[in-house]
Amino acid sequence: YAPETIDDVNTVSAEQVIDMILADPDLIVIDSRKKTEYLKGHIEGATNILNTRLKAEDLEQLSPDKNKAILFYCNGTRCLRSSDSINKAKEWGYTNLIWFRGGWKEWTEKRLPVVTD
């Protein structure tokens, strides 16, 4: 299971994710799942970067400003990909990290909008 919390990281629910995206359409959302999972469905506007492939350069390209909000998610509480990605981002100096811990499982259980490529 994913940890309950990550130090200095704001954990949010699916409803809070929607509010955040509506409030900031430019919010950076990173889907830390496998490409095959991402293609089957993802949150609109999410960028797919598998946790094991995430590099500091990837985040710098998406957000040169290390204080800009970045939201991460993966498959849910049994998935460790997004928490792994967040820990990497913290190591690289990013300070405004948001974790949608419930991830894809919570999103689809609540029947929220899904985008497929």
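The values are calculated or read from the model by the stated rules, or taken from the named source; none is laboratory data. Just so you know, these numbers come straight off a predicted model, no measurement behind them. Using ideal geometry, Cβ is built from the backbone for each residue, glycine included, and neighbour counts are taken over all protein chains shown. The accessibility values were calculated without ligands, DNA or RNA, using every heavy atom of the protein model including side chains. Shrake-Rupley method; radii C 1.70, N 1.55, O 1.52, S 1.80 Å.
Taking the condition of being over 18 Å from Cys74 (Cα atoms), at pLDDT 95 or above and not small (Gly, Ala, Ser), how many residues in the stretch 1-25 meet it?
At the first step, the residues of the stretch 1-25 found to be over 18 Å from Cys74 (Cα atoms) are 7-8, 19, 22-25.
Remaining after also requiring at pLDDT 95 or above: 7-8, 19, 22-24.
Next, only the ones that are not small (Gly, Ala, Ser) stay: 7-8, 19, 22, 24.
Result for the stretch 1-25: 5.
What residue, among those in the stretch 17-30 that are free of Cβ contacts under 8 Å to residues at least 60 places away in the same chain and not in a loop (DSSP other than H, G, I, E, B), is most open to solvent (accessible area, probe 1.4 Å)?
Out of the qualifying residues, it is Leu22.
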Exercise for review: For the stretch 39-49, indicate whether the set of residues that are surrounded by fewer than 17 Cβ atoms within 10 Å (Cβ to Cβ) and at positive phi is non-empty.
Suggested key: yes
**Study point:** Enumeration of residues in the stretch 61-97 that are open to solvent by 10 Å² or more (accessible area, probe 1.4 Å), outside any loop (DSSP other than H, G, I, E, B) and hydrophobic (A, V, I, L, M, F, W, C)
**Key:** Leu62
Check your understanding: Which condition number does Thr36 fail, the rest of (1) in contact (Cβ under 8 Å) with a residue 24 or more places away in the chain; (2) part of a helix (DSSP H, G or I); (3) farther than 19 Å from Gly102 by Cα; (4) open to solvent by 20 Å² or more (accessible area, probe 1.4 Å) being met?
Key -> (1)
Exercise for review: Say whether the condition of being in contact with a helix residue (DSSP H, G or I) (Cβ under 8 Å, 6 or more places away or on another chain) and hydrophobic (A, V, I, L, M, F, W, C) is met by at least one residue in the stretch 32-40.
Suggested key: no
